[in-house]
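Single-structure report; data block below.
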Amino acid sequence: GGVQWMTAGRGIIHSEMPEQEDGVMEGFQLWVNLPAKDKMAAPGYQGIAAERIPAVTLPGKAGTARIIAGRYGDAIGPARTFTPMNVWDLRLEAGHRVALDLPEGHTTALFVLRGAIRLGERHTVRAAELAVMEREGRELAFDVADDTTLLLLNGQPIDEPIVGHGPFVMNSHEEIVQAFHDFNGGRFGRMAR
């Protein structure tokens, strides 16, 4: 389906009302850190319809990749980001090997929603499991053990301190205290619907 893409910046209060399809609701919520220089940026919201998300057939007909953010070949995802990142929804067929070229030095994680993949000979990643890769190298290769749906998350490291408390993620304890002070003082605006 489509994607709700929200950039919190200095804060946004929101109510999430996901849509059901045939009585079934499936979703995934990611919170992406912003660099310190952008943490006070104005909040934003992007409602991205499914037809705006490009789908690419992977080599060897191993499956498809929906490019939500970032780039795969000539396909560019519609989601706007503050730092370079890839968010790909991969639908993979059992028995294939997948090899992806990713930027050197970026952080990469694979979250398996359904199915299973094998990383090397000893590591199997199954449904509801997250695998975080080393930053060295450009090629990420794995075998698809079962028909699999997974999210590939890849981005440029920010390498700044992170302090989180409640719904706030900042760079210091003092900034967290200020965020609560701003929220309680009504400086986050009205409920967005």
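Looking across the stretch 152-185 at every residue that is β-branched (Val, Ile, Thr) and without any contact (Cβ under 8 Å) to a residue 24 or more places away in the chain, the one that is surrounded by the most Cβ atoms within 10 Å (Cβ to Cβ) is identified as ILE176. Taking the stretch 72-86 as the range and being assigned to a strand (DSSP E or B), open to solvent by less than 50 Å² (accessible area, probe 1.4 Å) and closer than 20 Å to GLY47 by Cα as the test, the residues that pass are ALA75, MET85, ASN86. Does the stretch 93-114 include one or more residues that are touching a helix residue (DSSP H, G or I) at 6+ places or on another chain (Cβ under 6 Å), of a type in the set (A, V, I, L, M, F, W, C) and surrounded by 14 or more Cβ atoms within 10 Å (Cβ to Cβ)? Within the stretch 93-114, none of the residues are touching a helix residue (DSSP H, G or I) at 6+ places or on another chain (Cβ under 6 Å), of a type in the set (A, V, I, L, M, F, W, C) and surrounded by 14 or more Cβ atoms within 10 Å (Cβ to Cβ).
Can you confirm whether GLY95 is in contact (Cβ under 8 Å) with a residue 60 or more places away in the chain and at positive phi? No. Residues that are within 16 Å of PRO157 (Cβ to Cβ), in a loop (DSSP other than H, G, I, E, B) and not aromatic (Phe, Trp, Tyr): does the stretch 59-71 have at least one? Yes: the stretch 59-71 contains one or more residues that are within 16 Å of PRO157 (Cβ to Cβ), in a loop (DSSP other than H, G, I, E, B) and not aromatic (Phe, Trp, Tyr).
The sole residue among GLY137, GLY115 that is touching a Ser or Thr at 6+ places or on another chain (Cβ under 9 Å) and in contact (Cβ under 8 Å) with a residue 24 or more places away in the chain is GLY115.
The values are calculated or read from the model by the stated rules, or taken from the named source; none is laboratory data. Treat the numbers as computed from the prediction; the structure is a model and nothing was measured. Neighbour counts run over all protein chains shown; Cβ positions are idealised from the backbone, glycine included. The protein model used for the area step is the full one, side chains on, heavy atoms only, and it has no ligands, DNA or RNA in it. Shrake-Rupley method; radii C 1.70, N 1.55, O 1.52, S 1.80 Å.
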